[in-house]
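What follows is a set of notes on a single structure, which appears directly below.
Where a number appears in this text, it was derived from the coordinates with a stated rule and is not lab data. Bear in mind the structure is a predicted one, so any value in this text is a computation, not a measurement. Using ideal geometry, Cβ is built from the backbone for each residue, glycine included, and neighbour counts are taken over all protein chains shown.
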Amino acid sequence: MTRFFIAVITSLFLVTSAFAADVDGEWSVMFNAAEGGTTVPMTITVDGEDAKAMAGTDELTGTYKDGKLTLEGPMYVPEAGMTSTLNMDATIDGDKMTGTATWDMYSADVIGTRK
């Protein structure tokens with residue numbers, strides 16, 4: 001019986017790791033707001049449910065669970081010439097990302113593709 005539980009727990013860990021690994025990589029993320037848009041190259045890594053993204057030198061942190069990626073942190077936007085806090089919620093489906101974000105006082109749609 002103990003072997004059965006160990007096998008189940010190991011299988012769940014491997015399945016969770018496989019889903020997380022599907023997010024890791026280089027992404028091109030477009031933020032489209034009514035005021036304009038920008039495209040940001042982002043490197044995303046996931047360890048368990050902890051997610052981290054690098055956008056240039058800016059580090060965003062958050063979670064990835066059940067296909068949902070949540071990131072938050074300071075991000076510089078060259079078109080605006082300033083840094084503000086980005087809050088992003090997106091769904092990952094293969095090599096596609098869709099969602100919403102807020103940055104400073106702006107709301108944006110998020111569309112991303114893995115490079």
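Take THR38 and ASP109, extend 7 Å from each Cα along the Cα→Cβ direction, and tell me the distance between the two endpoints in nm.
The two pseudo-label positions are separated by 2.0 nm.
Rank-order 59-67, 77-85 by packing density, defined as the average count of other C-beta atoms within 10 Å over each peptide's residues, highest first.
Averaged packing, sorted descending, gives the order 59-67, 77-85.
Give, in nm to one decimal, the length gained when the segment between ASP22 and LYS52 is fully stretched (0.36 nm per residue of separation minus the Cα-Cα distance).
9.4 nm
Under the 0.36 nm per residue contour assumption, what length would be gained going from the current alpha-carbon distance of THR45 and ASP95 to full extension? Kindly include the intermediate steps, with their values, before the conclusion.
Numbers: separation 50, 0.36 × 50 = 18.00 nm, distance 1.42 nm.
Roughly 16.6 nm would be gained on extension.
Work out how much length THR83 to THR102 would gain on full extension: take 0.36 nm times their residue separation and subtract the Cα-Cα distance, in nm to one decimal.
Full extension from THR83 to THR102 adds 5.6 nm.
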